[in-house]
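Trainee: Sending over a structure as structure tokens; questions will come in a sec.
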């Protein structure tokens, strides 16, 4: 009898093993009471100043699972001298300042380094998402050119192939976006296939560009930001004034 029960449990476990990720996603959506709206922004104010912002909208921020998740985010933000504040009962914003392209890369990757998986009330783990940012800086005397390469693996948010009809669609449950802005705007390209009904490189005014991230896939985005170098322009201005003064004095001497 005991042997038969053990075989029955093993059979049930093997039957539901392909649906483990689906169960996890269902648990996330139930615990967070609806869809997740996550907007990630990288804003360059100057070569020496900028902010990484994360705006999160959850209808169930009061649940224990959401509070545990937000607590982990706040701890990670403090490690990189960032702050988290509540905009409303459903909205939270995290701001992480940076003072150079190198500082941006270091803080971004430190914040998004996978840590211990969040535990829900029934000890079920949430899916792990891995991301990485690389910034290549080029100083051209009067201008600075920063090239950002952003990779995020969202395959943990995919659903198993169970047929053509599914009750849950990751693109409906998760609204994820990345925006990059700069003093003179930003541009770039995205290699991940564009989801139906959206536009790649959707402009955000005239100062930046926004991409829609796709759950269930590996997203790769490249962006380029041009900025004036205050030190370079100051040096050029001083050199121009000195040259003009010398030229003026020579003209005065000739006359």
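Trainee: Quick one: which strands (runs of 3 or more DSSP E) lie wholly within region 130-214 and hold at least 1 residues that are more than 19 Å from the chain's Cα centre (by Cα), closer than 28 Å to residue 226 by Cα and at pLDDT 85 or above?
Mentor: Per the criteria, 130-139, 143-153.
Trainee: Residues that are modelled with pLDDT of 90 or more and in contact with a helix residue (DSSP H, G or I) (Cβ under 8 Å, 6 or more places away or on another chain): does region 101-112 have at least one?
Mentor: Looking through region 101-112, at least one residue is modelled with pLDDT of 90 or more and in contact with a helix residue (DSSP H, G or I) (Cβ under 8 Å, 6 or more places away or on another chain).
Trainee: A further question on this structure: Got a number for residues in region 71-87 being within 25 Å of residue 103 (Cβ to Cβ) and part of a helix (DSSP H, G or I)?
Mentor: 8
Trainee: Could you tell me whether residue 23 is part of a helix (DSSP H, G or I), in contact with a helix residue (DSSP H, G or I) (Cβ under 9 Å, 6 or more places away or on another chain) and at pLDDT below 70?
Mentor: Yes; evaluated as a whole, the condition is true for this residue.
Trainee: Within region 92-99, is even one residue surrounded by 13 or more Cβ atoms within 10 Å (Cβ to Cβ) and out of contact with any strand residue (DSSP E or B) (no Cβ under 6 Å at 6 or more places or on another chain)?
Mentor: yes
Trainee: Can you confirm whether region 227-243 contains a residue that is assigned to a strand (DSSP E or B), out of contact with any helix residue (DSSP H, G or I) (no Cβ under 8 Å at 6 or more places or on another chain), under 18 Å from residue 182 (Cα atoms) and touching a residue at least 60 places away in the same chain (Cβ under 8 Å)?
Mentor: Yes: one or more hits.
The values are calculated or read from the model by the stated rules, or taken from the named source; none is laboratory data. Note that the coordinates shown come from a computational prediction; the quantities given were computed from them, not determined experimentally. All Cβ positions, even for glycine, are placed from backbone atoms using ideal geometry, and neighbour counts span all protein chains on display.
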